[in-house]
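Written out below as structure tokens is the structure these notes cover.
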Amino acid sequence: MEWRGRRQSNNVEDRRGDPSPGGLGRNPFGRGGGFSFPSGGGVGRRGGGLSIGTIIFLVVIYLLFKAMGIDLLQVIDGGMTGGTGYEQSQSEGSSPPANDEMTAFMRTVLAETEDTWNGIFQAQGRQYEEPPLVLFAEATQSGCGFASAATGPFYCPVDRKVYLDTAFFEELSSRFGASGDFAEAYVVAHEVGHHVQNLLGILPKFNEARQRMSEADANKISVRVELQADCFAGIWGKFTQQKGILEAGDLEEALNAAQQIGDDTLQKRSQGYVVPESFNHGTSEQRVRWFKRGFESGQLAACDTFSGPI
């Protein structure tokens, strides 16, 4: 994919240097969107507290320093906000440079999705709302709750942002055998596809309806939602091809990624057998087929996964 030298989006929010994302919250997938590749890690709460004796001791120390004209609260506050403490060293020392290659690549891919969907929406007399892409490392907070690297890339319909731990691409390549820049671009385009569904009113209807469904029925509808996002990613791929920036082997990279993340393939790899009623993203064959349908047609009408068999 010849992405260098092309327009870069300003809608990328880089949180990779943030010191702490805060506490745990809701699971983003409780609100819909995204796909997850558990990486084995986890983030847990730490318990603890202060005993009565400890509190009394701290109060006595505070009063002693206060009597000597030293306000410990101001000292502590100054250490936190005065520019010499841990917080500043984290924010200044840990952030990747704004022009590192991964950031440039993500900005370029996001810009290409913006160009595609702005054009499609404009042709329909609608206005496309460009979604921010949040890059994070290990963990962050989203409008849908706490997200960790184990969550995988996801779209949050609450704050209308795409979230991505860039280390995911290493796992995509090494663990799932799906390498290449166009495979990575497909991941972003898929999540942007969920944003398009949100703007079209598809996600709100699904999230409302599944509150009344059994888990099995919700999974069946979820598969259709995910396959449509794959088809929308294919539409983006079509417009990218028309610009002449795809290279030999790029389409195969995206199709291989779709193949490797099918529910049946993932389950066979992790447990040796499949449980079809638990599928919520689609089989490898389905994901490849719907991406190809979007890529070959370039038309929204071709991505109706809700009518007829899939």
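The values are calculated or read from the model by the stated rules, or taken from the named source; none is laboratory data. Every value quoted in this text rests on a predicted model; they were computed, and no experiment measured them. Cβ atoms come from the backbone with ideal geometry, glycine included; neighbour counts cover every protein chain shown.
Among residues of region 144-160 that are closer than 23 Å to Glu130 by Cβ, those with a Cβ under 8 angstrom from a residue that is among the acidic types (Asp, Glu) and in a loop (DSSP other than H, G, I, E, B), sequence gap 6+ or separate chain, pair up as Cys144/Asp159; Arg160/Glu129. Scanning region 98-138 for residues that are among the hydrophobic types (A, V, I, L, M, F, W, C) and in a loop (DSSP other than H, G, I, E, B) yields Ala98, Ala137.
For Ser94, only one of the following conditions fails: (1) more than 28 Å from Asp181 (Cα to Cα); (2) modelled with pLDDT under 50. What is its number? (1) is the only condition that Ser94 fails.
Residue-by-condition table, conditions (1) of a type outside the set (A, V, I, L, M, F, W, C); (2) crowded, with 21+ Cβ neighbours inside 10 Å; (3) in contact with a helix residue (DSSP H, G or I) (Cβ under 6 Å, 6 or more places away or on another chain); (4) at pLDDT 95 or above:
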residue	(1), (2), (3), (4)
Ile202	no, no, no, yes
Glu215	yes, no, no, no
Arg224	yes, no, no, yes
Cys231	no, yes, yes, yes
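Note on region 153-183: residues that are in contact with a strand residue (DSSP E or B) (Cβ under 8 Å, 6 or more places away or on another chain), assigned to a loop (DSSP other than H, G, I, E, B) and closer than 28 Å to Gly249 by Cβ amount to 2.
Among the residues of region 204-243, which ones are among the acidic types (Asp, Glu) and more than 20 Å from the chain's Cα centre (by Cα)? Outline the logic, then answer.
Here is the first cut: in region 204-243, the ones among the acidic types (Asp, Glu) are 208, 215, 217, 226, 230.
Glu208, Glu215, Asp217, listed by residue number.
Take Tyr155 and decide whether it is closer than 23 Å to Asn10 by Cβ and out of contact with any Asp or Glu (no Cβ under 6 Å at 6 or more places or on another chain).
Details: closer than 23 Å to Asn10 by Cβ: yes; out of contact with any Asp or Glu (no Cβ under 6 Å at 6 or more places or on another chain): no.
No.
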